[in-house]
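Structure, as structure tokens:
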Amino acid sequence: MNQKTLRPLKLKSDILDDNKLIQHATQRFDADGDDHIMTSIETPMLPDAFVLTDDEKIHKISHHFGQIMDILGLDRADDSLSGTPHRVAKMYVKEIFSGLNPANKPDIKLFDNKYKYNEMLIEKDITFYSNCEHHFVPIIGKAHIAYISTGKVIGLSKLNRIVQHYALRPQVQERLTIQIAEEIKSAVQSEHVAVVIDAVHLCVSSRGIKDNSSSTITSYYSGSFEDEALKSRFLRHI
Ligand SMILES: [Zn+2]
């Protein structure tokens, strides 16, 4: 017979083991979070991610967020707190994490490059708000984008919309940079794309190491932008 089934109560040694496990998990997850490990370019999603409707998600998240508040000891009977679970849930689904849903991806309309403009086109200082997937606190930054048309162009505001779409997910800055670049490449049907992101992570400034002067820069260059001369012209412009 399995020895474990004979134990109605936890032995002291089990509890010590549990504590060790919790301690180990705490150390490991803290370290992974502060190192901001990225495991894949695709946002890791469950296969059934969109089985629930938005309203069903809001209902469920609201319930669970209320429980988090209860555990923290907050009195949800207070008028100021009573609506918080619903507000947070709605904000998650409809606003700050709405970019998880591919249905919310911006429609991209292409135009012919009638002016035969063959230089790089730069859209700089695109402000975005995202959230760190390790701590669920904000990442605030600016994206700078350039591409060279190979015959098609897109409306300028679409570049902003692509940035906003991928920012509205729990993110890692490296992945955000690559996802934006890949989307622009396929949208404009051009290999020649550059993306630079400069962002402040509140998980670094408001907690943890509490460094409020540093920012993180990530970049992506493909096609002609891999050429040092073009890359430095782009960098001079931004
Ligand atoms: Zn973080």
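The values are calculated or read from the model by the stated rules, or taken from the named source; none is laboratory data. Remember, it's a predicted structure, so these values are computed and weren't measured experimentally. Please note: Cβ atoms are built from the backbone with ideal geometry, for glycine as well, and neighbour counts cover all protein chains shown.
Restricting to segment 90-120, what's the tally of residues that are within 23 Å of ASP55 (Cα to Cα) and either out of contact with any Gly (no Cβ under 9 Å at 6 or more places or on another chain) or of a type in the set (Asp, Glu) (or both)? Spell out the reasoning first.
At the first step, the residues of segment 90-120 found to be within 23 Å of ASP55 (Cα to Cα) are 90-106.
Okay, now just the ones that are also either out of contact with any Gly (no Cβ under 9 Å at 6 or more places or on another chain) or of a type in the set (Asp, Glu) (or both), so 90-104, 106.
So the count comes out to 16.
Run down LYS114, LYS109, LYS90 and say which single residue is more than 16 Å from the ligand (Cβ to nearest atom) and either among the polar types (S, T, N, Q) or surrounded by 13 or more Cβ atoms within 10 Å (Cβ to Cβ) (or both).
Testing whether each residue is more than 16 Å from the ligand (Cβ to nearest atom) and either among the polar types (S, T, N, Q) or surrounded by 13 or more Cβ atoms within 10 Å (Cβ to Cβ) (or both) leaves just LYS90.
Under 9 Å between Cβ atoms, which residue pairs at least 6 apart in sequence (or on different chains) link something in segment 127-149 that is over 15 Å from ILE197 (Cβ atoms) with a partner that is within 16 Å of the ligand (Cβ to nearest atom) and of a type in the set (Gly, Ala, Ser)?
Going by the 9 Å Cβ cut-off, the qualifying pairs are HIS134/GLY33; HIS135/GLY33; HIS135/GLY208; VAL137/SER206.
Checking the condition within 25 Å of SER206 (Cα to Cα) and either buried (at least 17 other Cβ atoms within 10 Å of the Cβ) or touching a Phe, Trp or Tyr at 6+ places or on another chain (Cβ under 8 Å) (or both), which residue from PHE136, PHE65 passes?
Values: PHE136 fails: either buried (at least 17 other Cβ atoms within 10 Å of the Cβ) or touching a Phe, Trp or Tyr at 6+ places or on another chain (Cβ under 8 Å) (or both).
That would be PHE65, the only listed residue that is within 25 Å of SER206 (Cα to Cα) and either buried (at least 17 other Cβ atoms within 10 Å of the Cβ) or touching a Phe, Trp or Tyr at 6+ places or on another chain (Cβ under 8 Å) (or both).
Quick one: is LYS94 more than 24 Å from LEU202 (Cβ to Cβ), touching a residue at least 24 places away in the same chain (Cβ under 8 Å) and not in a strand (DSSP E or B)? Step through it out loud before you land on a result.
Values: more than 24 Å from LEU202 (Cβ to Cβ): no; touching a residue at least 24 places away in the same chain (Cβ under 8 Å): yes; not in a strand (DSSP E or B): yes.
Spelling it out, it is not the case that LYS94 is more than 24 Å from LEU202 (Cβ to Cβ), touching a residue at least 24 places away in the same chain (Cβ under 8 Å) and not in a strand (DSSP E or B).
Of the residues that sit in segment 196-238 and are among the small types (Gly, Ala, Ser) and within 16 Å of the ligand (Cβ to nearest atom), which one is modelled with the highest pLDDT?
Taking segment 196-238 as the starting set, the residues that turn out to be among the small types (Gly, Ala, Ser) are 199, 205-206, 208, 213-215, 219, 222-224, 229, 232.
Remaining after also requiring within 16 Å of the ligand (Cβ to nearest atom): 199, 205-206, 208, 214-215.
Details: ALA199: 97, SER205: 90, SER206: 89, GLY208: 89, SER214: 90, SER215: 93.
Only one residue fits best here, namely ALA199.
Residue by residue through segment 120-154, note down the ones that are away from the ligand (no atom under 16 Å from the Cβ), part of a strand (DSSP E or B) and among the hydroxyl-bearing types (Ser, Thr, Tyr).
THR127, TYR147 - these are the residues of segment 120-154 that are away from the ligand (no atom under 16 Å from the Cβ), part of a strand (DSSP E or B) and among the hydroxyl-bearing types (Ser, Thr, Tyr).
Sort through ASP30, ASP35 and tell me the only one that's at pLDDT below 95, within 16 Å of the ligand (Cβ to nearest atom), exposed (fewer than 10 other Cβ atoms within 10 Å of the Cβ) and not polar (S, T, N, Q).
Details: ASP30 fails: exposed (fewer than 10 other Cβ atoms within 10 Å of the Cβ).
Answer to the check: ASP35.
Could you tell me whether any residue of segment 132-145 is closer than 26 Å to ILE238 by Cβ, at pLDDT 95 or above and touching a Lys or Arg at 6+ places or on another chain (Cβ under 7 Å)?
So far as segment 132-145 goes, yes, one or more of its residues are closer than 26 Å to ILE238 by Cβ, at pLDDT 95 or above and touching a Lys or Arg at 6+ places or on another chain (Cβ under 7 Å).
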